[in-house]
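Structure record follows, encoded as structure tokens.
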Amino acid sequence: MTDHTVKSYDKELEAIGLKIAEMGGVAEKMLVDAMEALSTLNIPLAERTLAHDPKLDRLQREVEEAAILTIAKRQPVAGDLREIVGAIRTASDLERVGDLAKNIAKRAIKIIKDARVPRATIGLKHMGDLAAMQLKDVLDAYAARDAARAKAVWVRDAEIDALEDSVFRDQLTFMMEDPRNITYCTHLLFCSKNIERIGDHATNIAETIHYLVTGENLPIERPKTLETTVK
Amino acid sequence: MTMEAATATLTAGNDRPVHSAPQGPIKIQARDVNVYYGDKHAIKHLDVDIPQHSVMAFIGPSGCGKSTFLRCINRMNDTIPICRVTGKIEIDRRDIYDPSLDVVQLRAHIGMVFQKPNPFPKSIYDNVAYGPKIHGLARTKSEIDAIVESSLRKAGLWEEVKDRLAESGTGLSGGQQQRLCIARAIAVSPDVILMDEPCSALDPIATAKVEELIDELKSNYTIIIVTHSMQQAARVSQRTAFFHLGTLVEEGPTDVIFSTPKDKRTNDYITGRFG
């Protein structure tokens, strides 16, 4: 893209992009650490994960403030406006990813004393890996402004939804086997829901990137290639 | 896709201009219009359809030909000896360069507002009454009074000047003078109003009043506005045409031009990346 005639305008957009990249890094690490803490019963790691959240909140505010200031000063149009609106939307998705990862870390701390069926976290870990990969891919797509790669993330979310279905069935089985598992498995069910929501935020970001790059929205309905929903 | 690859999907270079057909009846139609000032080819093979009762904005860097084309529409370029126009411009399907056409009659149907307010050094009343008088649109004093009042009302100026109609038009503020010029333009009941940067000499409040007026006038008139303010084009117009180096590069609904322009030159211009 050709530079703006006003150089400071480019610098402002670049600074917003850097903050989004930083937020992406924090959110990604929070998810990976929370899942690691959950499956390895690591309380200190879970606590460190919680401590990252305020940073993400602060960065989101900074992105919003910088975006609003740039809109007020430059009256951006076309690609520049999409860039700024995209940054606001992405920052809010990443902030939510952080909240959901934080919630997983909190639940990890709660259930560690009560970890009755360690094998119950296996499917969940698989889901977490997939969500982390989706998040990484979508952040790479954001950095490269790559609409095709973003669209691939958007399509792949169906896999997380399918896994959630399978994790749900597993947890029900464990609960039926022994009612003393119910508290533990219910926490894990919430964790699986959190991961599924993180996947949704990754697809939101993918949609934002597609719009930002092409100016066109992806369809409202994703192609349903897999049996995905638990109703 | 990288940023470069993304912008490469915009048509680059000297492709055919981007057009999308307007809805509704066409008021002005230009086909293969060329304008030369001596050897200089100022407008090149321009095609455009301008819909009735709407606002069309012409944007582009200085010297791109937008004002030149605007002045073709009321044949103001006729007054420049070295200027030559080829191609066809029709208003209501009538060729305005037809030699049998009465240019004075044509201009009576096309009002024009300029960059600098240029009221006649006469009273406010006479500024508005002059056109209808010379075109014989009114015979009696009361008919002229009615035209003066309704034109000043349409221009949003009546309440501010009704008690001092005999004062000189040049004594008004810049924004009021410009609205007086608009009242003068609409006093002869034109179909088309051409505006060449009508707000560039006005403060933001006067600009807002003129923009509000443009919005009201569009239900009865076909308005073409040349502006250097991108925000103004985005605010007041339904369609926008981008000119560059004498070529109409891209033309379409204003919301498309300012959100997802198809041509890279349009994108670079509206986002401030030109030159």
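What follows is calculated from the coordinates using simple rules that are stated; it is not laboratory data. Note that the structure is predicted; figures quoted are calculated from it, not measured. Note that each Cβ is placed from the backbone with ideal geometry, even for glycine, and that neighbours are counted across all protein chains shown.
Simple spin-label estimate for B:D92 and A:E65 gives 6.0 nm between the two label positions (7 Å along the Cα-to-Cβ direction from each Cα).
Scaling the Cα radius of gyration of region A:1-93 by the globular reference 2.2 N^0.38 Å produces a ratio of 1.35.
Among A:K7, A:K110, the order by Cβ neighbours within 10 angstrom, fewest to most, reads A:K7, A:K110. Ordering B:W158, A:W154 from the fewest to the most neighbouring beta carbons within 10 Å gives B:W158, A:W154.
Here the spin labels are modelled as points 7 Å beyond Cα on the Cα-Cβ line, and at B:Q23 and B:F274 they lie 2.9 nm apart.
Geometric descriptor of region B:62-167, per residue, is 154 Å³ (volume of the convex hull of the Cα atoms). Overall, the ratio between the Cα radius of gyration of region B:119-189 and 2.2 N^0.38 Å, rounded to two decimals, is 0.96.
Bridging of B:K122 to lysines at a Cα separation below 18 Å is possible for B:K133, B:K141, B:K162, once same-chain residues fewer than 8 apart are set aside. The HN-Hα couplings worked out from phi for region B:145-152 by the Karplus form 6.51 cos²θ - 1.76 cosθ + 1.60 (θ = phi - 60°) are 3, 5, 5, 4, 5, 5, 5, 5 Hz, whole numbers, x standing for Gly and Pro.
Straight-distance candidates among the lysines for linking to A:K125, with alpha-carbon spacing under 27 Å and chain neighbours fewer than 8 residues away dropped: A:K29, A:K55, A:K102, A:K106, A:K110, A:K113, A:K136, A:K151, A:K193, A:K224, A:K231. Mean-square fluctuations from a GNM of chain A, with a 10 angstrom spring cutoff on Cα atoms, peak among A:L212, A:L139, A:L13 at A:L13. Looking at region B:99-232, the DSSP beta bridges with both ends there are about 10 percent antiparallel. Restricting the calculation to alpha carbons of chain A gives Rg and Dmax of 19.2, 69 angstrom.
Each residue in A:T173, B:T79 was given a count of other beta-carbon atoms within 10 angstrom of its own, and listing them fewest first yields B:T79, A:T173. List the residues whose amide H sits under 5 Å from the amide H of B:E250, counting only those 5 or more places along or on another chain, with H placed 1.01 Å from N in the peptide plane. Result for B:E250 returns B:V18, B:F242. Relative contact order for chain A: 25 percent, from Cα pairs under 8 Å spaced at least 6 residues apart, divided by residue count. The alpha carbons of the protein assembly as shown stretch over 102, 50, 43 Å along the principal axes, in descending order. Whole Å is fine, so just give me how far the alpha carbon centre of region A:84-133 lies from that of region B:148-204. Between the Cα centres of region A:84-133 and region B:148-204 lies a distance of 64 Å.
Here the label points at A:E221 and A:A51, each 7 Å from Cα along the C-beta direction, are separated by 4.8 nm in the simple model. Cα centroids of region B:47-126 and region B:248-275: 24 Å apart. Across all Cα pairs in chain B, the calculated P(r) in 5 Å bins from zero up to the longest distance comes to 1, 6, 12, 16, 18, 16, 13, 9, 5, 3, 1, 1, 0, 0, 0 percent per bin.
For A:T214, the shell of other residues with beta-carbons less than 12 Å away shows a net charge of +1, using +1 for Lys and Arg and -1 for Asp and Glu.
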